[in-house]
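Notes for the one structure printed next.
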Amino acid sequence: MFQTSGQVYHSTKCYHCGESCPSSLITLDEKLFCCEGCKTVYELLKDAQLCSYYQFQASPGRSLLDKKSLTDYTYLDQDEINQKFIRFTNGEQTHVNFFIPKIHCSSCVWLLENLHKLHNGIYVSSVNFLRKEVTIVFNPRLVKVSKIAELLETIGYEPLINSSSIEEKHRTRLDKKSILRIGTAGFCFANIMMLSFPEYLSLGNFLDNLELKPFFGYLNLVLSLPVLFYSASPFFVSAWKNIRQRFLHIDVPIAFAIVVTFIRSVYEIVDHNGIGYLDSMSGIVFFMLIGRYFQHITYDALLFDRDYKSYMPIAVTLIKTDSTTASIQSSKLKKGDRILIKNNEIIPTDARLLSEHTHIDYSFVTGESSPVTKKKNDLIYAGGRQLDGAIELEVVFSTSQSYLTQLWNKDEDSIRDHQMKEAFVHKVNRYFTTFVFSIAILSSLFWLFFDRSKSLDALTAVLIVACPCGLLLTSSFTYGNMLRILGRNKFYLKNSAIIEKLSNVNAIVFDKTGTITHGMNCEFSGAKLGADELKMALSLANQSSHPLSRKIVKQFYKNDLFPVTNFEEIQANGIRGNCNGKCIMLGSAYFVLGKEIRNSKMSTKVFYMMDGKVMGYFNFVNTYREGLERVLRKLSKNNFISLLSGDNDSEKEKLIPLFHSPSQLLFNQKPEDKLHFIEELQKKGKKVVMIGDGLNDLAALKKSDVGISVSDHTNSFTPASDVIMDGESFHKLPLFLDFVKYGNKVISFIFFVSTIYNVIGLVYAVQAKLSPMIAAILMPLSTVTIILLSSGFIFLLAQRKKL
Amino acid sequence: MSALFVLIGISLLVAFIFLLLFLWAVRSDQYEDNFTPAIRILFDNEKTSEKESNQ
């Protein structure tokens, strides 16, 4: 790749993926590429005449720089695994579904829908962009599932297949039932209202003459039946369930009001007195169903329920007794099996190291930010990521018995109970319902004395008018709006009940690695390096694909590099080569100096030696997220803040001033320790938010009142939580918490306003003078008021908070 | 005015047919993905160019 004639290389953007190309001259057709991988994809696309891929979006590819070897997908051809991906097959045609997290632009969609040009056996493919899924229809006789997965990988769109894909967890599907119910209710509502118009316009007498009144009345009745039995059924089901549990859920008075309205209307129609209140009834059902639907927001490409199984690899390379390799399912590994783990792969079970030594990255599992060194015969726990090339391991425990699995299965006891009973909406409802029932009883009793005939009239009228539908609508729309605004700011809540939980929070627990830190920064300590000396180090580092070398290059690279000769990489130790006539070495203290350095700080260091003289070392320190200090300061005003880290305490001094008190920082925490800490806080009566990002936070996230997981790439693994927050929005955390506190206040205010309509209606109802027209006017008026006010308030609130 | 009976009857029937069509459309997954089709319309239909190159 390097030419040894001292040429200068220019950095420009890779045509395929847009990353800068610091090093070699990898070109084709006068286009520059950052690596062979990107160039290969380009060649492939060019041969299949798919270069339009590059027209829809500049640099649509994702970098293939870190990709070393192709994944072995042969396990996909096994029947039992096959079933989970195949939607349909009849021998001639097979439909298969893959989740491809790399789908991110229109070019991706175009390319994936033109797969048939890349292989004859593929008939057609179609992409669902929001879900990042592709459905491929192919001829099973011409091509196998594994070949398709490989093909996808070669063009840079490898499917994500992990244990949870196998376990039939259905991704969010369109909520068809709700839409069907809304459609039916809307249809009936509109037609009933149309047929009720003569009544509103007091053309009743006119109708009587022509016997149209009963006709319209019965038509209304027929039209209201689907609303009553189909559209409104969720309210009845929910009300019944809650009555049996002796809980006054808001659906109970609503269901009751619907039934009363219907019965009263039937009576009026059959008795030829009027045409009933069916328009109000179907209207209110229609609007409440819309509110309920609006409140449910689904994020198609996010999963809030991932557990450790989604993280573990599904298949691993087994080394058979005759030294050939085969790909088998991780869950089938037995004690004593020998497995081969390649660079960047995750170790699926607890195993013993057979190779000489290696480095493992446990940051996701335990929170330790520095890679852990392991020597031959050391026990390596499952979940770590292999860093130094390929290693051989001997399985000690099968996947179901590994330390991690045992840990996560213990969790089942600490399942948080989903107490919705204390929700604000239900509390208000209780007051409201008692009030309404007392008025109903009082007014009917009143009329019993004065004019018997009006008693039942008043009773039912009050019950119709004073339905707490306004309260339900208010909360639905307010929560729905808040969810959307938060989602716009990349703070994704699983459902609207969490808004209230978040507003009650008074203690916040942070994880360290990956949550408040985000990547590692590289600083050089030692003798002052001249520009050339630094460049020589970078030139050498650029030859290696080790993550630390790549980081050094990325951090310090400015322009052009020197050519390097005699490059040598010694696994797990360092690299050396000749550059500009000097012998350069980069590596661990042991490699460079020949001895271990007693290191109290325990951070990762890469030493730089030139011609036998140590120039210094590249120190890797955690980069803390932007705005961390401000975030912590603002949050500590009203909340108890603490830090629980699985990492060592080497950065304690740096962190103490941010948290205002040493006692709130704990290090070397195992997952169980984090869980207990949260339990202790809860015992003291605190409402706890846990903010974490990795497997080691899984238990704590479940136990806390609200669990927030932070992620920098939304398609990567996030542990099961209530909220998924993008790392970019971390600095807005105090704003989010402030915003949700207003939720209840807004609902109370809007509900109060909407009760004005109820009161007006009550005035008529109590006098037994409630005509269908009045009811039909009040209901949409109050609904529209609620929707406008709720959207308006939340929008204004968001503006003020700059969300 | 008996025309009113017929008129209302027929208009309700037509509206009802539309409702049935709506129900069918939702149930047959037509609304499953309402984002990707918007991207798809911008793609060129390359079949004609292939036909031309074949000729």
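The values are calculated or read from the model by the stated rules, or taken from the named source; none is laboratory data. Computed from a predicted structure; not experimentally measured. Positions of Cβ are generated from backbone atoms using ideal geometry, with glycine treated the same way; all protein chains shown enter the neighbour counts. For accessibility, only protein heavy atoms count, side chains too; no ligands or nucleic acids. Shrake-Rupley method; radii C 1.70, N 1.55, O 1.52, S 1.80 Å.
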| task | Provide a whole-number value for the mean count of partner chain Cβ atoms within 10 Å of the Cβ atoms in peptide A:215-224. | result | 1
| In whole Å, how far is the Cα centre of the range A:473-525 from that of the range A:358-396? | 32
| message | If you take each beta carbon of peptide B:22-35 and count the beta carbons of other chains within 10 angstrom, what is the mean? | response | 4
| Which whole-number value in Å² is the accessible area per residue of chain A, probe 1.4 Å? | 45
| said: Please report Rg (one decimal) and Dmax (integer) in Å for the Cα set of the protein assembly as shown. | reply: 33.4, 113
| field | Using alpha-carbon coordinates, inclination of helix A:251-270 to the longest axis of chain A, degrees | value | 40
| note | Magnitude of the Cβ-charge dipole (Lys and Arg +1, Asp and Glu -1) of the range A:242-398 about the Cα centre, nearest 20 debye, reported as 500
| said: Please state the shape class of the range A:101-152: rounded when a/c is under 1.5, otherwise prolate if a/b exceeds b/c and oblate if not, all from the C-alpha gyration tensor. | reply: prolate
| request: Please work out the FRET efficiency for the pair residue A:431 and residue A:763, using the Cβ-Cβ distance as r and a Förster radius of 30 Å; give the result to the nearest 0.05. | output: 0.90
| request: Express in nm, to one decimal, how much length is gained between residue A:753 and residue A:451 on full extension, taking 0.36 nm for each residue of separation and deducting their alpha carbon distance. | output: 105.4 nm
| Any number yet on Rg/Rh for the range A:320-367, C-alpha, Kirkwood? | 0.96
| With each pseudo-label sitting 7 Å past Cα toward Cβ, what's the residue A:666-residue A:799 distance in nm, one decimal? | 4.6
| query | Over the range A:497-650, one equal point on each Cα, no solvent: what is log10 I(q)/I(0) by the Debye formula at q = 0.16 Å⁻¹? | reply | -0.89
| Put a dot 7 Å past each Cα toward the Cβ at residue A:728 and residue A:178; how far apart are the dots in nm? | 2.7
| Among A:64, A:33, A:803, whose Cα sits farthest toward the positive end of the charge dipole of chain A (+1 at Cβ of Lys/Arg, -1 at Cβ of Asp/Glu, about the Cα centre)? | A:803
| request: Compute the signed sum of charges (Lys and Arg +1, Asp and Glu -1) over the other residues within less than 13 Å, Cβ to Cβ, of residue A:328. | output: 0
| field | Chain lengthening between residue A:70 and residue A:240 when straightened (0.36 nm per residue, less Cα-Cα) | value | 55.6 nm
| Sequence ranges A:550-556, A:376-382, ranked by mean other-Cβ count within 10 angstrom, highest first | A:550-556, A:376-382
| message | What's the ranking of A:719-727, A:178-186 by average number of surrounding C-beta atoms within 10 Å, highest first? | response | A:719-727, A:178-186
| message | Distance between the C-alpha centers of the range A:81-103 and the range A:551-596? Whole Å please. | response | 46
